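Q: Let me begin by handing over the structure; questions about it come next.
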Amino acid sequence: MKKWTWALCIAIIIILFTGMGNVEAASEKGKRYVGLHDRILPIEDIRVVDGDTKVPLKDIAKYLYLPIEVKDGETTIRKRGKEITYNHSTGATTLDGVDQPWQPLASINGQLYISVKYIARETGFQIEYFQEHHTIRIYREEFNHMSHKEFEKVIKAYSVEQQPVSTTKKANVYLTFDDGPNQYTLINNTTLEKYKVPATFFFLGNQMKQNESIVKTVSESGHYVGSHSMTHNKAYVYGSTESFIAEMMGGVELVEQLTGKTSNLVRVPYGSKPLVTPSMQKSLVDRGLKMWDWDVDSNDWRYTNEQSDQIVKNVQEGVTKAAKSGDKEIIVLLHDRSQTTIALPRIIDWLQKEGYSFKSYEPDNHIIQNFLRDPHL
């Protein structure tokens, strides 16, 4: 009898130890989708763990605007007055300090995954399952959204796009232009219209005051207009947190005044690192602003009209490198200058021939791209 008792104890111990933390053994990979309101999120690594759909936390965070803090061996999410914490040592999740009876967050192969239904419900979303299409849709009733029947058509169309042919689909490219508006802004705008390419412009406040009609023209052409500060003067912009936010907000307010459209995206002069301080970061977040740096620097300002070939080459090399690294959303830095107007048609021609898609900034689909790696911006 004792032998059977000892054998049973040993068996239980083996089960416990082999089961602890071995989340990946219970996970299933497959073609599954997560929808947010009326679109399918481009999240590729979706897994089902013990019957629960989980996605990488870093991926879902950028679409749900989840502030994430990693500190002292814990990852914390704070949203809508709730605090969700994952302990990397114990694998336990707490909600407002209360232990959760299951694993809404789990580490799989060193990467943190979160339950879609859990984060959705805890942040105020409703959930609809489309079992036939292996899709979970999250949405808020207070936002206008299509019916579930109509959304099923979206799933079908998206799943067709994701067939093997879609694996060759290139990244999205965001052409961005700094330092306007000026005479070259109009030339660039005409080129973009000719090729039917959307873009993003970061205008200077003092320039906007002198070229109001250009600001309106660019906006009416369908491009997004953000703030590049009022003066681009390093001493003024970065003299203090107060002067910094005044410079950036001044530009945002002018854009809204001249175009009648909300603007919440800024690009700080000379890039965010190392000039933007933590206090300046917080001032942007507190005002609901987002900040873009770039993935590819054309360095167009360095060259003359006669050297425009080098600008084209810089963009080609930069975009190719970014795409090879797996970047699916590539932001290219350009300027409203004469040499850029010469290079722009060739840049667009090359990107189109290579199969890249063009986008302008989408406030409802914000992409985090700042050198400070601040998930709030």
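The values are calculated or read from the model by the stated rules, or taken from the named source; none is laboratory data. Predicted model, so just to flag it, every value in this text is computed and none were measured. Cβ sites come from the backbone with ideal geometry, for glycine too, and all protein chains shown count toward neighbours.
Q: Quick check on my filter: what residues within the range 142-154 are among the charged types (D, E, K, R) and at pLDDT 85 or above?
A: Going through the range 142-154, the residues among the charged types (D, E, K, R) turn out to be 142, 149-150, 152-153.
Matches in the range 142-154: LYS149, GLU150, GLU152, LYS153.
Q: Out of (1) within 26 Å of THR340 (Cα to Cα); (2) β-branched (Val, Ile, Thr); (3) out of contact with any helix residue (DSSP H, G or I) (no Cβ under 8 Å at 6 or more places or on another chain), what's the single condition that is false for VAL268?
A: (3)
Q: I'd like to check something: does the range 198-213 contain any residue that is among the aliphatic types (A, V, I, L, M), farther than 30 Å from ARG32 by Cβ, touching a residue at least 24 places away in the same chain (Cβ under 8 Å) and touching a Leu at 6+ places or on another chain (Cβ under 6 Å)? Steps first, answer last, please.
A: As a first pass, look at the range 198-213 and keep what is among the aliphatic types (A, V, I, L, M): 199, 204, 208.
Now restrict to residues that are farther than 30 Å from ARG32 by Cβ: 199, 204, 208.
Cutting the leftovers down to touching a residue at least 24 places away in the same chain (Cβ under 8 Å) gives us 199, 204, 208.
Restricting the remaining residues to those that are touching a Leu at 6+ places or on another chain (Cβ under 6 Å) gives 199, 208.
Within the range 198-213, one or more residues are among the aliphatic types (A, V, I, L, M), farther than 30 Å from ARG32 by Cβ, touching a residue at least 24 places away in the same chain (Cβ under 8 Å) and touching a Leu at 6+ places or on another chain (Cβ under 6 Å).
Q: Provide a single number: the residues in the range 306-332 that are free of Cβ contacts under 8 Å to residues at least 40 places away in the same chain and small (Gly, Ala, Ser).
A: Pass one, the range 306-332, residues free of Cβ contacts under 8 Å to residues at least 40 places away in the same chain: 306-318, 320-321, 324-326.
After this cut, where a residue has to be small (Gly, Ala, Ser) as well, the list is 308, 318, 325-326.
Adding up the residues that qualify gives 4.
Q: Something else: Being touching a Ser or Thr at 6+ places or on another chain (Cβ under 6 Å) and assigned to a strand (DSSP E or B): is that true of TYR113 here? Can you show your working first?
A: Values: touching a Ser or Thr at 6+ places or on another chain (Cβ under 6 Å): no; assigned to a strand (DSSP E or B): yes.
The answer is no for TYR113.
Q: Same structure, new question: Output the residues belonging to the range 127-151 that are in a helix (DSSP H, G or I) and more than 25 Å from the chain's Cα centre (by Cα). I'd like the intermediate steps shown before the answer.
A: Within the range 127-151, the first condition is being in a helix (DSSP H, G or I), and the residues that meet it are 131-133, 148-151.
Hits for the range 127-151 are GLN131, GLU132, HIS133, HIS148, LYS149, GLU150.
Q: Got a sec? Which helices (runs of 4 or more DSSP H) wholly within the range 209-282 have at least 1 residues that are more than 17 Å from GLY180 (Cα to Cα)? Please lay out each step first, then the result.
A: Working: elements: 212-220, 234-237, 241-259.
Where helices (runs of 4 or more DSSP H) fall fully within the range 209-282 and carry at least 1 residues being more than 17 Å from GLY180 (Cα to Cα), they are 234-237, 241-259.
Q: Right, another one. For residues in the range 213-234 being over 17 Å from PRO269 (Cβ atoms) and of a type in the set (Val, Ile, Thr), which is surrounded by the most Cβ atoms within 10 Å (Cβ to Cβ)?
A: The first filter runs over the range 213-234 and keeps only residues over 17 Å from PRO269 (Cβ atoms), leaving 213-224.
Then drop every residue that is not of a type in the set (Val, Ile, Thr), which leaves 214-215, 217-218.
Working: ILE214: 22, VAL215: 23, THR217: 16, VAL218: 27.
So the residue we want is VAL218.
Q: From (1) at pLDDT below 85; (2) farther than 24 Å from ARG137 by Cβ; (3) part of a strand (DSSP E or B), pick out the condition that doesn't hold for GLU28.
A: (2)
Q: Scan the range 324-336 and give yes if some residue there is among the aliphatic types (A, V, I, L, M), over 29 Å from GLU44 (Cβ atoms) and outside any helix (DSSP H, G or I), otherwise no.
A: Checked against the condition, which is being among the aliphatic types (A, V, I, L, M), over 29 Å from GLU44 (Cβ atoms) and outside any helix (DSSP H, G or I), the range 324-336 yields at least one hit.
Q: Restrict the check to the range 242-249 and report whether at least one residue is polar (S, T, N, Q), touching a Leu at 6+ places or on another chain (Cβ under 9 Å) and surrounded by fewer than 24 Cβ atoms within 10 Å (Cβ to Cβ).
A: Applying the first criterion (polar (S, T, N, Q)) to the range 242-249 yields 243.
Filter once more, keeping what is touching a Leu at 6+ places or on another chain (Cβ under 9 Å): none.
No, there is no match, as no residue in the range 242-249 is polar (S, T, N, Q), touching a Leu at 6+ places or on another chain (Cβ under 9 Å) and surrounded by fewer than 24 Cβ atoms within 10 Å (Cβ to Cβ).
Q: Continuing with this model, one more query. Determine which member of the set SER159, SER166, SER213 is at pLDDT 95 or above and over 14 Å from LEU334 (Cα atoms).
A: Numbers: SER159 fails: at pLDDT 95 or above; SER166 fails: at pLDDT 95 or above.
Result of the check over SER159, SER166, SER213: SER213.
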